[in-house]
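Data block below; observations after.
The values are calculated or read from the model by the stated rules, or taken from the named source; none is laboratory data. The structure presented is a predicted model; accordingly, all values stated were derived computationally and were not measured. So basically every Cβ, Gly included, is an ideal-geometry build from the backbone, and we count neighbours across all protein chains shown.
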């Protein structure tokens, strides 16, 4: 009986510490992050275009993710906005206007955010590195 109580207590602590960790990661995500580098299948892509606006991702405490990608010398913009959630090492972006979602593997180290897409839309492994602005 005592071992069942200890086991239940350990599971209870693990469950709530996992939830606390996800909540802390969500809090650490809040803010604006500028794109620093992109690699696709290990090959670094150019992200330093001479554009007035720079690529970024922004997270709010209300669970909204805004993503602006500025590409090419013509400064073409790709804009996405939707909801995000954190589940362990996964960050899930959901488009509220459709049933589409994107699941990133992510990690935070200080003011660096790493988002990894594995074979999204046939695009191989894409790694996005961001630096926190605020």
Odd one out for residue 57 among (1) in contact (Cβ under 8 Å) with a residue 40 or more places away in the chain; (2) under 22 Å from residue 134 (Cα atoms); (3) surrounded by fewer than 11 Cβ atoms within 10 Å (Cβ to Cβ): (3)
Looking at segment 30-54 only, could you name the residues that are surrounded by fewer than 13 Cβ atoms within 10 Å (Cβ to Cβ), within 20 Å of residue 125 (Cβ to Cβ) and touching a residue at least 12 places away in the same chain (Cβ under 8 Å)? 41, 42
Being within 19 Å of residue 130 (Cβ to Cβ) and modelled with pLDDT under 90 is the requirement here; does residue 73 meet it? no
Which condition from (1) surrounded by 16 or more Cβ atoms within 10 Å (Cβ to Cβ); (2) without any contact (Cβ under 8 Å) to a residue 40 or more places away in the chain is the one that residue 78 breaks? (1)
